[in-house]
Structure formats: structure tokens, C-alpha cells
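J.: Just dropping this structure here.
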Amino acid sequence: MELGPVELVVLTFLGERPDPDVVGAVAKVVSQGYGTVLDLVFISRLQDGQIRITDVDENLDDLGFGSLEIKAQTLVNQDDMEVIRDSLEPGTSAAIIVYEESWARGVASAVRKAGGEVALHVQVPRDAVGRCGRRSSLRGLMTQGERDATTRSAGFARHRGPDGSGRRNCDRERGKPARTEQGRGEAAGGRQ
């Protein structure tokens, strides 16, 4: 079965039910073909501290997810649920959604048919994009661990700047020198 990138997102709510506008936004993304929900678990911590768990194979109508098309697979495990359950305060809830980025399925398939591979897929936090603005790059937005893991698995060589740090992008805001590559720094008109 062809799949695009698969991700897990946890949406938290004040109250024991999901917000109808959020459910509507998720349904819109699915109906437009951008995402496919593969698994969904809804966890509520009641005011008295009791936990209520509704799984994808149960009736989701009461939560507003009943009309959502879900290609049910068991991907959220007990450990995942335990982490979320333990983080909920009384009177709050969370939806754990595992979804495929369906829009990317065709792109990934075409790349593989052309003899290539999707060498890197990174989820960039919104706050990181806003903080760095236009000067962002993958190296500046990924953590060191993500960089190490992806460059090794994709076969990329690691590059270091003249100072050996490999830092760039947002580092100038922290008072550190920007990295240059083979003399193509900002002063030389290169892209940072």
C-alpha cells in the first residue's frame, strides 16, 4: 500500500469534549484529500479524575468525529495513550490523531518511479518559522539530533563552517557569527 508521510498530532481541549470547530477543520482537511486519518483516540479526564477513552473502532458520533472518514489502523499504542492520559488535568481532554499526508503520496510515488527517494521530511514547528523568518533553512530549524539522524540515513555529508560550529540562520540573533560556505557568505552575495 502506497503511503505518504505519516505523523501523529495531539490536540488538547479545555473540557471533556473536542471543540466542534476543530472537528470541522479536521474533517475539511480530510474531505479535501490533504490528509487521511489512520487512527484516532480521544481521552477525557473527568472532573472527578476518572479517565474515559474512546477508540477509533467505537462510536465517535458523541464526540463529533462520527462523520470523519477514517482508514482505521491500530497505530496509537498503550504507551502513547498513557503519556497523554497522565498529562491531562481534570476537566480536559485530548485527541490523538495519526494521519497520512495524503497530498504527498503521489509526489513520493513519482519520485520512487523516477529512481529517487524522499530523502528528508521534517515537520518544522510554527514557532521556529516565525522566530527565524526569511533567513531560515533546514539546518537552522532542525535540532542537532534530527540533523545527525537524517544526514546519516539519507547519506548526506555533514558540513561545518570555518569556525567548526555548523551554525547559521537564527544564530545571528543570538550574537553568533553566521556560517559561510566556500566564501559564499552574505557579504559575497550568497544565500544564507
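Taken together, the values in this text are just the output of simple stated rules run on the coordinates, not laboratory data. This one's a predicted model, so the numbers in the text were calculated from it and none came from an experiment. Don't worry about glycine lacking a Cβ; one is built from the backbone with ideal geometry, like all the others, and counts go over all protein chains shown.
J.: Spin-label point model (7 Å from Cα, Cβ direction): what's the TYR34 to VAL83 distance in nm?
T.: About 2.5 nm, to one decimal.
J.: Near ASP62, within a Cβ-to-Cβ distance under 14 Å, what is the net charge of the other residues, with Lys and Arg +1 and Asp and Glu -1?
T.: -2
J.: Counting other Cβ atoms within 10 Å, which GluC sites (Glu not before Pro) in region 1-75 have at most 15 and lie in a DSSP loop?
T.: GLU2, GLU58, GLU69
J.: Follow-up. List, largest first, the extents of the alpha carbons of region 1-121 along their principal axes, each in whole Å.
T.: In descending order, the Cα extents are 57, 27, 22 Å.
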